[in-house]
Structures are given as structure tokens and as C-alpha cells.
Amino acid sequence: MAVQNNQKVNRQKSRRKRSVLQYHKKSMLLISIILMLLTGTVTVSAVSLEEKNRDYKKQEEELEAQILEEKDRSERIEEYREYVKTDDYVKDIAEEKLGLVDPNEIIFKSTQ
């Protein structure tokens, strides 16, 4: 009887070991699946962020080009502002808009 009890105890220990081992295998499998999902999510996020980064760099280059264009435009406006203050501008506008001429100029008009 002692042998039978010993065998029962050994079987129960063996079952417990298998049960614990199966529990650990399931736990490891679950942890592995979770880690793979997290790795996949991080990878997808990294690709998405890289794409956004490329878009932002392209937009930054476009904005820098616009800034250069606006600086050039600002310089031309400043040059025009200085030109408007000169007598040459007044003379050009008087000739162009009002048809005025210098006293010693001769105007030729076509008869057509």
C-alpha cells in the first residue's frame, strides 16, 4: 500500500509538473505574441513617422524657397520706393500719363 501511495504521489507530482510546464509554455507563448504585436506596431509607427518627416522636410524646403522669393520681392519694392522719390520718376510719369515734354523736345505724330 505504501508503494501504491508512493506511486500516486509520484503521478500527482508528475501531473503538477506537466501542468506547471504547460502553464509556463502558454505564458511564454502569450508574452511572445504580445512582443511581436508591439514590435509590429512600433515598426508601422516608425515607417509612418519617417514618411511624415520626409513630407515636413519637403515643406520646409518649399517655405525656404518662398522666403527667398519674398526677400527678393522686398528688395525690388525697396528699389522702386527709392526710384519713386527721384525726379526721373516724376518726369517719366509726366511724359507717360500726361503727355508732357521738355521745352526743347520735338514731338512727331503719325497721321494715320
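Computed from the coordinates by the stated procedures, all read-outs in this text should not be read as laboratory data. As the structure is a computational prediction, the values presented were derived from the model and not from experiment. All Cβ positions, glycine included, derive from the backbone under ideal geometry; neighbour counts span all protein chains shown.
Listed residues Glu95, Glu70; which is surrounded by 10 or more Cβ atoms within 10 Å (Cβ to Cβ) and under 23 Å from the mean Cα position of the chain (by Cα)? Step through it out loud before you land on a result.
Values: Glu95 fails: under 23 Å from the mean Cα position of the chain (by Cα).
Result of the check over Glu95, Glu70: Glu70.
Are any of the residues in segment 35-51 β-branched (Val, Ile, Thr), assigned to a helix (DSSP H, G or I), more than 28 Å from the chain's Cα centre (by Cα) and surrounded by 10 or more Cβ atoms within 10 Å (Cβ to Cβ)?
Within segment 35-51, the subset β-branched (Val, Ile, Thr) is 39, 41-44, 47.
This time we only want the ones that are assigned to a helix (DSSP H, G or I), so: 39, 41-44, 47.
Of the ones still in play, those that are also more than 28 Å from the chain's Cα centre (by Cα) are none.
For segment 35-51, residues β-branched (Val, Ile, Thr), assigned to a helix (DSSP H, G or I), more than 28 Å from the chain's Cα centre (by Cα) and surrounded by 10 or more Cβ atoms within 10 Å (Cβ to Cβ): absent.
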